Structures are given as structure tokens and as C-alpha cells.
Amino acid sequence: MEKKSQNEKFQKALSKCVKCGACQAVCPVYDIEKKENSVARGKLALLQAYMKGEIELTSKLYETISKCILCTSCKDTCAASIEIDRIISTAREKAVKEFGMPPLKKALLEILCGTFPGRKTFLKSASLVEKMFMKKIPSESGLFYKGYFLGRKEGKIFPALSKKTLTEIIDLEKVSDSLSSVLFFQGCTINFISPQTGISALNLIRKSNFTPILLNKQQCCGLPAFFSGDREKAEKLAYSNLEMLSEKKFDYLVVACATCGSAFKEIYPLIFEDDSNRLQKWEEIKGKILDLSEFLSGPGNRIFSKIKKTEKETTKTATYHDPCHLYKGQKIEKEPREIIKNIPRINLVEMENSSDCCGFGGMFSIENFELSREINKKKIENILSSKAELVLTGCPGCILQIKSGLIAKSSNIEVKHWCELLDEATNGKSTID
């Protein structure tokens with residue numbers, strides 16, 4: 001009965017499409033491929049035919065629904081208000097149940113957001129693999145490696161893994177009762193690749209007169225698994241994080257990763273929707289969840305009184321990239337820009353189409369490597385056209401993708417999370433020297 005009800009909901013959602021084609025104008029995949037099955041309208045039509053029994057769920061159809069970056073540009077444009085991202089995720093879930101996930105994707109997903117006991121040790125040891133089998137690429141934005149695999153002529157650029165994770169660098173599990181507390185959920189990318197972003201975020205929370213908390217037992221937020229159709233893994237991670245967070249006392253839960261924020265605000269309510277007990281627990285937590293830019297623009301706004309002015313006149317031109325999960329998913333646009341404008345000696349200029357997807361999409365960039373690269377090229381063109389010397393954003397995944405694209409163009413433009421510059425500015429240090 002439950003399965004029938006779910007199928008009925010799925011069919012009803014599919015039938016809402018009026019074939020207007022508005023999604024064509026905003027879809028980054030269609031912009032590259034120019035195929036009907038590349039755009040939401042075409043994918044929905046194929047899925048509707050499948051539900052009617054007119055076509056089978058084949059590997060070809062699975063490949064088609066995998067060629068969606070889930071940027072939700074089409075969802076924002078859709079006149080019928082179709083939750084296209086939810087439909088695609090459900091379709092992927094059905095495909096995974098039907099004939100399993102491709103072995104390589106399954107292995108990568110387990111590494112990226114698995115729950116096996118030795119995951120942390122495994123990821124740290126992966127840095128040896130980078131050094132042994134990949135080409136080193138030094139850049140202004142840090143150390144990267146280029147790997148050639150799966151018969152690809154052009155290698156994929158990977159960031160160097162951090163020698164120490166954020167939770168190894170900082171231990172903040174102890175909470176002071178003297179100040180309001182903020183639990184910082186660092187996410188996988190910050191923890192394993194860019195701990196400096198996490199250090200800056202924690203510094204800013206502390207300097208805003210809040211006690212920061214960092215938990216060692218955080219799991220992946222689960223969004224990569226959910227979007228890949230591995231509902232079981234996504235649920236396991238969500239249940240684990242809910243249990244962990246329910247046991248802690250905190251005033252706010254702050255994230256500096258657009259992906260984690262989107263998972264908490266948008267995906268967890270979907271995972272818990274048929275579980276009233278868990279949903280009620282999550283609703284209590286959800287009201288405390290803020291992106292770092294929201295937190296510093298609201299409860300933590302004391303930070304702006306601590307910005308150290310400088311007499312130096314030299315400025316650096318920066319541009320801002322809107323992450324899909326922040327701009328389209330959480331509707332956060334003004335807060336990061338207002339914060340950046342308050343950072344001394346930074347001149348913010350807008351690039352063209354700042355909210356266009358950078359082509360990352362987590363697993364999408366690995367599974368659809370060439371397509372991801374082509375989407376990224378358009379973002380890089382807009383960055384270069386802005387004449388900016390620095391790219392700022394609020395998503396660690398986007399940072400990696402944009403850095404990769406700039407390295408491919410032999411550009412020395414830096415790419416950073418804006419919180420690192422604000423941390424420097426509130427320490428009285430130069431943000432650009």
C-alpha cells in the first residue's frame with residue numbers, strides 16, 4: 001500500500017509538467033548538450049513513459065537521469081512549481097533498487113560519505129596515493145594533483161588532502177556555560193581538505209562572543225548519497241547525525257558549507273517525513289540551523305565591531321560566486337555580499353551570471369567528468385572577464401571546482417571562502433598581503 005502511494009505521488013508530480021520548455025533557458029546541462037533528454041522536460045517525459053510501462057528502466061535511462069547536476073535552476077523557473085530535484089532523486093533511487101549502482105560510483109560514494117570505522121584513516125592514507133600516482137600542480141590557491149584514469153585524455157585535477165583533519169587540529173568538545181554556544185558542523189570537505197576554512201569559521205564564532213563547539217563524531221551530511229539514489233545510506237547518515245545533535249545542547253548550529261546547509265534545511269525533512277518522531281526532533285533542531293553568513297549577519301553581528309581598519313590604500317578586486325545550494329536552495333544572496341563589502345581593502349565586483357552553476361555537483365563532476373568541465377569553463381570565462389584577482393564563495397565544493405578550472409587556464413587568481421578573509425580582518429592582519 002505504501003509503495004503504491006509513493007508511486008501515485010511520483011506519477012502525480014510527473015504529470016504536472018506542461019511542456020513549456022522554460023527549463024531549457026536555465027539548464028547548464030542543456031546549455032552544453034542541446035538535447036531534449038538533457039533538460040528537465042525531456043527527463044520528466046521519459047520518466048512518465050516509464051511509470052506508464054511504455055519503456056523499461058534501462059542503463060541508458062539511468063545514464064540520462066544521472067546527467068542532472070541538481071542545481072535546481074529549473075525548479076526556480078518552473079511555472080508549475082514542480083520539485084524536479086526531488087523527482088530526479090526518487091528516480092535514481094528506483095534505478096539503484098532495480099539494478100544497483102555502478103561499482104565505481106558505489107566505491108567512491110562509500111569513500112566520500114561512508115560510515116565504515118576506518119574511513120578517516122583511509123582518507124588520510126589517500127594522500128600517499130596522490131603523491132605516488134598523480135602529477136603535482138602547485139598553484140596560488142594551494143597544492144593540487146592531476147590524475148589520469150578511466151581512459152581519459154585530459155586528467156582530472158584533485159586537491160591535496162590535508163595532513164591533519166580539522167578535528168585533529170582543534171578540540172572544542174568542551175562547552176563553557178558563560179556564553180551562548182554554537183555547534184559548528186564542518187562537513188567532509190572542510191574536515192579533510194580545507195581545515196583552514198573551519199579554523200576561520202570557529203575563530204569568527206568565538207570573536208562574536210559565542211562558545212564554538214566542534215564534535216569529533218560528525219558523519220557526512222548524506223546529501224551525496226541522497227542525490228545518488230542511495231536512500232539507505234542517506235537515511236543512515238541522517239539518523240546518526242540526528243541522534244548526535246539531539247544529545248547536545250546548543251543555541252545555534254552553524255555551517256560554512258552550502259551543501260551541508262542544504263542537506264539539513266531541505267533534505268532531512270524529506271528523509272524524516274514519514275517518521276513523526278524523528279521529524280519532530282529535527283524540526284526542533286532545524287530552527288537553529290544557520291549558514292555562517294546568516295549567523296554573522298544576525299546573532300553574531302558583533303564581529304563587525306572587531307574589524308581592524310588599515311591605513312594602507314592598496315585594494316584587491318574580488319568577485320563572488322553564488323553556490324547553487326546557497327543561492328537557489330537556501331535563498332541566501334545578500335548576506336555574503338554585505339559581509340565581503342565590510343572587509344577592508346576588498347573591492348567587490350559582480351561577475352556576469354554569478355549564480356550560474358560551476359559544474360561541480362559532487363559525484364556529478366566525477367561521473368560526468370567532461371560535461372562538468374564544459375559547464376565549469378563558462379564560469380571561468382565569467383570570472384576572467386570580471387578582471388577580479390580573487391574569487392570568494394561560501395561552498396568548499398565550488399571552491400575546488402573553480403580552482404580546478406582556473407588552474408586549467410594557467411590563471412593565478414585565488415579562490416577562497418570569504419570567512420578566511422574576515423577572520424584575517426578581525427585579527428588586524430592584512431587580508432591581501
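Before we move on, is Ala13 surrounded by 13 or more Cβ atoms within 10 Å (Cβ to Cβ) and either assigned to a loop (DSSP other than H, G, I, E, B) or not assigned by TED's automatic domain parsing to the domain that holds His321 (or both)? Yes. Residues considered: Lys248, Lys312. Of these, the only one that is at pLDDT below 95 and not assigned by TED's automatic domain parsing to the domain that holds Ile339 is Lys248. Note on region 63-103: residues that are part of a helix (DSSP H, G or I), without any contact (Cβ under 8 Å) to a residue 24 or more places away in the chain and not charged (D, E, K, R) total 1. Residues of region 221-238 include none that is in contact (Cβ under 8 Å) with a residue 24 or more places away in the chain, under 18 Å from the mean Cα position of the chain (by Cα), surrounded by fewer than 24 Cβ atoms within 10 Å (Cβ to Cβ) and closer than 26 Å to Leu296 by Cβ.
In the set (1) within 27 Å of Pro224 (Cβ to Cβ); (2) modelled with pLDDT under 90; (3) acidic (Asp, Glu), the condition left unmet by Glu63 is number (2). Based on this model, can you work out whether Leu384 counts as farther than 20 Å from Val29 by Cβ and crowded, with 22+ Cβ neighbours inside 10 Å? For Leu384, the condition - farther than 20 Å from Val29 by Cβ and crowded, with 22+ Cβ neighbours inside 10 Å - is not met. Selection of region 415-430 for residues being under 19 Å from the mean Cα position of the chain (by Cα) and surrounded by fewer than 24 Cβ atoms within 10 Å (Cβ to Cβ) yields Lys416, Glu420. A single entry from Ser73, Ser81 fulfils the requirement of being surrounded by fewer than 18 Cβ atoms within 10 Å (Cβ to Cβ) and among the small types (Gly, Ala, Ser): Ser81.
Please report, ordered by residue number, the strands (runs of 3 or more DSSP E) entirely within region 266-363 with at least 1 residues that are touching a Gly at 6+ places or on another chain (Cβ under 8 Å) and without any contact (Cβ under 8 Å) to a residue 12 or more places away in the chain. Counting at least 1 such residues, we get no strands (runs of 3 or more DSSP E) at all. Based on what the data block shows, is Ile399 buried (at least 22 other Cβ atoms within 10 Å of the Cβ), part of a helix (DSSP H, G or I) and not assigned by TED's automatic domain parsing to the domain that holds Val29? Yes.
Spot the failing condition for Lys387; the list is (1) out of contact with any helix residue (DSSP H, G or I) (no Cβ under 8 Å at 6 or more places or on another chain); (2) assigned to a helix (DSSP H, G or I), and only one is missed. Just one mismatch for Lys387, condition (2).
The values are calculated or read from the model by the stated rules, or taken from the named source; none is laboratory data. Everything numeric in this text was worked out from a predicted model, so none of it was measured. Please note: Cβ atoms are built from the backbone with ideal geometry, for glycine as well, and neighbour counts cover all protein chains shown.
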